[in-house]
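Engineer: Sharing a structure below in structure tokens format, with a few things to ask.
The values are calculated or read from the model by the stated rules, or taken from the named source; none is laboratory data. Please read these numbers as outputs of a predicted model, since none were measured by experiment. Neighbour counts are summed over all protein chains in view; Cβ atoms, including those assigned to glycine, are modelled from backbone coordinates with ideal geometry. For accessibility, only protein heavy atoms count, side chains too; no ligands or nucleic acids. Shrake-Rupley method; radii C 1.70, N 1.55, O 1.52, S 1.80 Å.
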There are 2 protein chains.
Amino acid sequence: MYQIFDDVSSPGASGERVKALQRELRSRKLKGFLVPHSDEHQDEFLSPSAERLAWLTGFTGSAGVAIVLDKAAALFVDGRYILQARAQADATLFEVLQTPEAKASSWLTGKLNKGSAVGYDPALHTIKEVERLTETLGKAGIKLEPVAANPIDAIWQERPKPSSAPIVPHGLEFAGRSAQDKIRDVQTLLRQEKADAVLLTMLDSIAWLFNIRGGDIRHMPVALAFAIVPANGRPTLFIEAAKVGGNVRGDLGEFLDIAAPDALMGKLKALGQAKARVRLDPETAPIRFAQALEAEGAKFVPGADPCVLSKAIKNAAEIKGARAAHLRDGVAMARFLAWIDEVGDSGRIDEIAAAIRLEDCRRESGQLKDISFDTISAAGPNGAIVHYRPTTKGKRTLKAGSLYLIDSGGQYPDGTTDVTRTVAIGAPTPEMRRHYGLVLKAHIAIATARFPKGTRGQDLDPFARRPLWEAGLDFDHGTGHGVGSYLSVHEGPQRLSRLGTVELEPGMILSNEPGFYREDHYGIRLENLLLVTPPDKIAGGTREMMGFETLTLVPFDRRLIDAKQLVPFEIAWLNAYHARVRREVEPVLLSDDRAWLRHATAHIG
Amino acid sequence: MYQIFDDVSSPGASGERVKALQRELRSRKLKGFLVPHSDEHQDEFLSPSAERLAWLTGFTGSAGVAIVLDKAAALFVDGRYILQARAQADATLFEVLQTPEAKASSWLTGKLNKGSAVGYDPALHTIKEVERLTETLGKAGIKLEPVAANPIDAIWQERPKPSSAPIVPHGLEFAGRSAQDKIRDVQTLLRQEKADAVLLTMLDSIAWLFNIRGGDIRHMPVALAFAIVPANGRPTLFIEAAKVGGNVRGDLGEFLDIAAPDALMGKLKALGQAKARVRLDPETAPIRFAQALEAEGAKFVPGADPCVLSKAIKNAAEIKGARAAHLRDGVAMARFLAWIDEVGDSGRIDEIAAAIRLEDCRRESGQLKDISFDTISAAGPNGAIVHYRPTTKGKRTLKAGSLYLIDSGGQYPDGTTDVTRTVAIGAPTPEMRRHYGLVLKAHIAIATARFPKGTRGQDLDPFARRPLWEAGLDFDHGTGHGVGSYLSVHEGPQRLSRLGTVELEPGMILSNEPGFYREDHYGIRLENLLLVTPPDKIAGGTREMMGFETLTLVPFDRRLIDAKQLVPFEIAWLNAYHARVRREVEPVLLSDDRAWLRHATAHIG
């Protein structure tokens, strides 16, 4: 099993831990300390040894920051996590406050004298983040002070050992380009920009650049590492020696040097002494490295991680892999949905049993490396909680007359998948069908969009919202995120959202996942992955247009679809999509599920 | 007549003028000089005495900049104006180059030594513009040097006298709020932001704030002036005394002081000596004022012109005025379109005759103060030139089998209008009808949009493009611009465009003008003005949505509409709109045009 359902939060221990931290801060003469949910790589998922915020507060959400002072503490989270934070953190220890309405600066103003300094670990905050914090806290007269070592690490007993999972090569048949070729491109850019080197801190960039995969982070096949790529010469990969087995050491040694993570600071020092111009991404690189470089005389050159855009634009081998992974994933989803249709309304299936069943269906392919994120298996009202994850204690049983929402994905060697379906358990109400129809319209509006070069994600996001806006409804998340190639399931820079300012390029993969959430009743989300297609002629047109190829191959629940709610082009798209799902999935499906698939993909309207 | 059709360009004189300017530059030891199309107020329309670029180059477009060196000169314009610039400027004197592909910095690099300085008039360039220029020219090793007086003014013989049109009060029945009330809001903001004063440089802001209108600029009822509003106390209006007649002097004197324009620099000096914090809009204020303030010890506080957003959100009186102005304008357009239907295919009507006829129809209301911009009266292929303006020399005759595009507007005391219609002259081709239908779909997609608070113009612009994108077509301008209330026909900050990052607010007025342009054949543009309506409940919805009320009341050409190309909601919108136009316009139309209106608004589909 790739996922566990225990509630890992242990707020009972927080009292002792906060006290210990306060003692530690006093001994270091610090008035306070910031504890963010982050590691040195700004990963979405943390390795257990980096879960400092959860260890201290009990809060296990994926974003938030605690501030601990000598006599007070607060936990700041955004709207997605406010209920979870209140449930998990001990309110006698932490004021739980919602950002952006609550501001750390205002909270601190009331608690500290002007001119006081609050400590932070420069390994855990990015350059931009510290800039912003310095400005906002500065208005409140509070200073920020970097610490040499994280005080939590000094008091955290039984801290999990860092993972030492071995790295493996990511074969050329999946990667499509050699590491040497990619490195050459990065070096060309560095020379153009007159930088002497770039320090890479994002784990998926490092995995992509060197065509390696690792096992240090849950659901994301990367290894904890840093890398320096010089404008000329061999890159250095800073990684625990134990992770580099004989099978990869030789191959990697052909184009890079391997060094211990401890050696990184020494290398930065050397760059500083050589007065090198070193590129760092201010949005993702810990400020620690910028400080170290500048202290030694290097020039810190701000610039986006040079791997990010190239990684987002998938090449032919990666696209081929994505199609194969989605066919395999479609088979698993068909097996799962057939099972749900059979037993979902029996009153014997709970959210965890369903999630495990789906994981088993994916595993049957023999090629599943991991799931791509903790499965959102949400019965009835839990579907309305966008980031819901079932736990052993809080799980719900699927019941007739409700909706069931399942958002899940797989990590396969040839691709990463992410799919959401909402299905009726028993007979749906007319209102469920009306809302499902609106979300389906939103989904089809994106799937069928055509658009010229230069179009940004934010230009398309409104197409998904229009059917909902017309009905006085909306959803409070973006319409889609970028997806990696056997890498992170949430990958930038492309996204379909109000904030999606990056232009879409052929080869990018994005999710298309509009939703509607009726609090305390049900949630509906319909998610396929899309591939951006190259500009193409349209009969009678004068300009070539890009578009989307839908990669996901999973039927939509026909019981929730009222053809009368759809217009002809929507029905045509749906029938063509279902015909394609049947054509592609049926031949590789075991015979007992074929009848289900044929029924699930039958003509509508 | 409010417009003239003579070609005002006189490139024949450019040779002498460029030589005179080069002599003047040498005498001042300047290597070169920038001549932008702008005045001290960043107006869209310039007063004749500010037309330095046209005087020097012959180019009369509304955007562009010339650079004159000792032995070379270039004229930089954007894509809209490249053909016009090539036609108007003497190619033996000016290299005509298209931005943004051509860059002034690259051009200068080849011509000047590193470290050379190019002069500019700090009264004509904004703070932001000089920042950007300093950066881009800096990369090429070129410096910028402000001049104390514009060298063109020293050599321009027979320069037109500045206008001395009197200012008039803008009555409370139209303005809806007293000047005192508006000034109080500005002062509250200044105190909140801890600024001691704001310097206003935009003419429509000054006219709006003090409830005055003027006659110094073509088609825009404003007076050349500056104003300083202190955080406490009385504002000062810097304006030629001749413009302030007895009828307004007393009323204005109740809440402001009047001073001569020459007194402004002295006042800035005094603010500097008082170490005042003075707010200036970096996007619109000439850098000259920031330089003067800082030289004297003031602190320049960057911040948006505090009138801009308030001015854009129309109050009840302004909305009432807009509706009345549009009804009046609809009557004029109906009279005009009826006439075009009658004589348009006779071969006797040219573009100028049509524009004059429309101006006459508007004048019949007895309330027309001016037209709101030079009429785009474009027959056949001229319609494909987005910024076309007919001239006595180049005018075209309306011919059967073609399309005619007319984009025009009026300035009335209660509102500013702007409307575009495209009509068939004789029988249209199937292709004309297909393209017209696509533009109509685009128009209706905007007119019918519903959207939540927080929606920006850029979120709606794609709705207009989608029908065109699906057909492999697009248009190269924004979908809509803000419109003033008896003020500028192009008003910020709201806009429907890729660049529209400002959130829409109830009471804003915007144009809705998608188009399609088939080069050398025809242009189609359909423009109504829209009023943003307040958030409103929708049956079955959970969130209130804003929307648009269409203000313009002019039929669309039924001969160009193929009902089969439209979907039911589009036909329903069109029929409801036409019924409303008939209901509102018919009672105030003279009887001989009523039959035309009834036919033009008859049921479709």
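Engineer: May I ask for the equivalent-ellipsoid semi-axes of chain B, computed as the square root of five times each C-alpha gyration tensor eigenvalue and listed largest first in whole Å?
Structural biologist: Equivalent ellipsoid semi-axes, largest first: 41, 31, 23 Å.
Engineer: What is the Cα centroid distance between the stretch A:542-563 and the stretch A:312-338, reported in whole angstrom?
Structural biologist: 15
Engineer: Over the stretch B:313-593, what is the relative contact order in whole percent, taking alpha-carbon pairs under 8 Å and six or more residues apart?
Structural biologist: 21
Engineer: Now for a separate question. Taking H placed 1.01 Å from N in the peptide plane, check which residues at least 5 places from B:T416 or on another chain put their amide H under 5 Å from its amide H.
Structural biologist: Result for B:T416 returns B:Y486, B:L487.
Engineer: With the solvent-accessible surface defined on protein heavy atoms using a 1.4 Å probe, which residues belonging to the stretch A:538-561 display a reduction of at least 30 Å² in accessible area in the multichain context relative to the isolated chain?
Structural biologist: Buried on complex formation: A:I538, A:G540, A:T542, A:R543, A:M545.
Engineer: Within the stretch B:1-157, what whole-number % of the accessible surface is contributed by carbon and sulfur, with the 1.4 Å probe and all protein chains included in the calculation?
Structural biologist: Roughly 53 percent of what the probe reaches on the stretch B:1-157 is carbon or sulfur.
Engineer: Distances from B:G426 to the same position in the other copies: list them in nm, one decimal, shortest first, using label points 7 Å from Cα along Cα→Cβ.
Structural biologist: 7.1
Engineer: Another question, if that's okay. What's the carbon and sulfur percent of the stretch A:415-497's accessible surface, probe 1.4 angstrom, rounded to a whole number?
Structural biologist: 54
Engineer: For the stretch B:168-308, give me the percentage of DSSP beta bridges that are antiparallel, rounded to the nearest 5 percent.
Structural biologist: In the stretch B:168-308, DSSP labels about 55 percent of beta bridges as antiparallel.
Engineer: Another question, then. List the GluC sites (Glu not before Pro) within the stretch A:448-541 that DSSP assigns to loop and that have no more than 14 neighbouring Cβ atoms inside 10 Å.
Structural biologist: For GluC sites (Glu not before Pro) across the stretch A:448-541 that sit outside H, G, I, E and B with at most 14 neighbouring Cβ atoms in 10 Å, the list reads A:E519.
Engineer: For chain B, with only Lys/Arg (+1) and Asp/Glu (-1) charged at the beta-carbon, what is the dipole magnitude about the Cα centre, in debye rounded to 20?
Structural biologist: 740
Engineer: Under 25 Å between alpha carbons: how many lysine pairs meet that in the stretch A:209-353, if sequence neighbours fewer than 8 apart on the same chain are excluded?
Structural biologist: The result is 7.
Engineer: In debye, nearest 20: dipole of the stretch B:168-308 around its Cα centre with unit charges on the Cβ of K, R (+) and D, E (-)?
Structural biologist: Magnitude of the dipole: close to 280 debye.
Engineer: How much of the DSSP bridge set in chain B is antiparallel, in percent, rounded to the nearest 5?
Structural biologist: 75
Engineer: Considering only protein heavy atoms and a 1.4 Å probe, what is the carbon-and-sulfur percentage of the accessible area of the stretch B:312-412?
Structural biologist: C and S fraction of accessible area: 50 percent.
Engineer: Here is a follow-up. Given a Förster distance of 56 Å, report the FRET efficiency between B:K111 and A:A400 from their Cβ-Cβ distance, rounded to the nearest 0.05.
Structural biologist: 0.10
Engineer: Taking Cα centroids, how far is the stretch A:263-303 from the stretch A:463-494 in Å?
Structural biologist: The stretch A:263-303 and the stretch A:463-494 have Cα centres spaced 36 Å from each other.
Engineer: Right, something else. Helix A:351-363 versus the longest principal axis of chain A: what is the Cα-based angle in degrees, 0 to 90, to the nearest 10?
Structural biologist: Its long axis makes an angle of about 90 degrees.
Engineer: Which of the lysines could a cross-linker span from A:K114 if the Cα-Cα distance has to be under 19 Å and same-chain partners fewer than 8 positions apart are dropped?
Structural biologist: Result set, ordered by chain and number: A:K29, A:K31, A:K71, A:K103, A:K139, A:K143.
Engineer: What shape does the stretch A:369-481 have by the C-alpha gyration tensor, where a ≥ b ≥ c are the square roots of the eigenvalues, rounded means a/c under 1.5, and otherwise prolate means a/b greater than b/c and oblate the rest?
Structural biologist: The shape class here is oblate.
Engineer: Still on this structure: What angle do you read, to the nearest 10 degrees and between 0 and 90, between the alpha-carbon axis of helix B:263-273 and the longest principal axis of chain B?
Structural biologist: Once rounded, one gets 60 degrees.
Engineer: Quick check: pseudo-label points 7 Å beyond the Cα along Cα→Cβ at A:I356 and A:R159, how many nm apart are they?
Structural biologist: 3.4
Engineer: Can you give the accessible area per residue of the protein assembly as shown, in Å², using a 1.4 Å probe?
Structural biologist: Ligands and nucleic acids excluded, the result is 39 Å² per residue.
Engineer: Only bridges whose two residues both fall in the protein assembly as shown count here: according to DSSP, what percent of them are antiparallel, nearest 5?
Structural biologist: Antiparallel: roughly 75 percent of the beta bridges in the protein assembly as shown.
Engineer: Would you please give the residues with an amide H less than 5 Å from that of A:H481, counting only those at least 5 places away or on a separate chain, with H modeled from the backbone geometry?
Structural biologist: Counting only residues 5 or more places away or on other chains, the set is A:L496, A:S511.
Engineer: For the pair B and A, how large is the buried accessible area, both sides, in square angstrom to the nearest 100, if the probe is 1.4 Å?
Structural biologist: 2700
Engineer: Dipole size in debye (nearest 20) for the stretch A:333-457 around its Cα centre, Lys and Arg Cβ +1, Asp and Glu Cβ -1?
Structural biologist: 440
Engineer: Taking only Cα atoms, what is the 0 to 90° angle, nearest 10, from helix B:14-27's long axis to the longest principal axis of chain B?
Structural biologist: Between the helix axis and the principal axis of chain B, the angle is about 30 degrees.
Engineer: Here is a further query. Remind me, relative contact order of the stretch A:1-141 in percent, using alpha carbon pairs under 8 angstrom and six or more residues apart?
Structural biologist: 26
Engineer: Residue by residue through the stretch A:124-133, what is 3J(HN,Hα) from phi via Karplus (6.51 cos²θ - 1.76 cosθ + 1.60, θ = phi - 60°)? Round to whole Hz and write x for glycine and proline.
Structural biologist: For the stretch A:124-133, the Karplus curve yields 10, 10, 6, 4, 4, 4, 5, 4, 5, 4 Hz.
Engineer: In addition: Can you tell me which lysines have their Cα less than 26 Å from the Cα of A:K564? Leave out same-chain residues fewer than eight positions away.
Structural biologist: A:K441, B:K441, B:K537, B:K564
Engineer: Using alpha carbons only, how many angstrom separate the centre of the stretch B:418-449 from the centre of the stretch B:144-176?
Structural biologist: 40
Engineer: Let me ask something else about it. Output, in nm with one decimal and in ascending order, the distances from the B:D6 label point to the matching label points of the other copies (7 Å from Cα along Cα-to-Cβ).
Structural biologist: Those label-point separations list as 9.2 nm.
Engineer: So what is the calculated 222 nm ellipticity per residue for chain A, using -39500 (n - 2.57) for each DSSP H run with n of 4 or more, over all residues, to the nearest 500 deg cm²/dmol?
Structural biologist: -10500 deg cm²/dmol
Engineer: While we're looking at this one, here's another question. Rounded to two decimal places and with Rh computed the Kirkwood way over Cα pairs, what is Rg over Rh for the stretch B:313-593?
Structural biologist: 0.95
Engineer: May I pose another question? Inter-copy label distances at B:A102, 7 Å along the Cα→beta-carbon direction, one decimal in nm, shortest first?
Structural biologist: The projected label point of B:A102 is separated from its counterparts by 5.9 nm.
Engineer: Kindly state, to the nearest 0.05, the FRET efficiency for A:E95 paired with B:A13, given R0 = 60 Å and r defined as their beta-carbon distance.
Structural biologist: 0.20
Engineer: Which residue, A:T57, A:H37, A:A73, has the largest displacement toward the positive end of the dipole of the stretch A:11-155 when charges sit on each Cβ (Lys, Arg +1; Asp, Glu -1)?
Structural biologist: It is A:A73.
Engineer: What does the C-alpha gyration tensor say about the overall shape of the stretch A:474-575? Classify as rounded when a/c is under 1.5, otherwise prolate if a/b is larger than b/c, or oblate.
Structural biologist: Taking the square roots of the gyration eigenvalues as a ≥ b ≥ c, the stretch A:474-575 is oblate.
Engineer: Which of the three applies to the stretch B:11-155, rounded, prolate or oblate, going by the alpha-carbon gyration tensor with a ≥ b ≥ c and a/c under 1.5 meaning rounded?
Structural biologist: Rounded, because the longest to shortest axis ratio a/c is under 1.5.
Engineer: Further question: Which whole number gives the average count of other chain Cβ atoms within 10 Å of the Cβ atoms across peptide B:470-480?
Structural biologist: Average per residue, whole number: 4.
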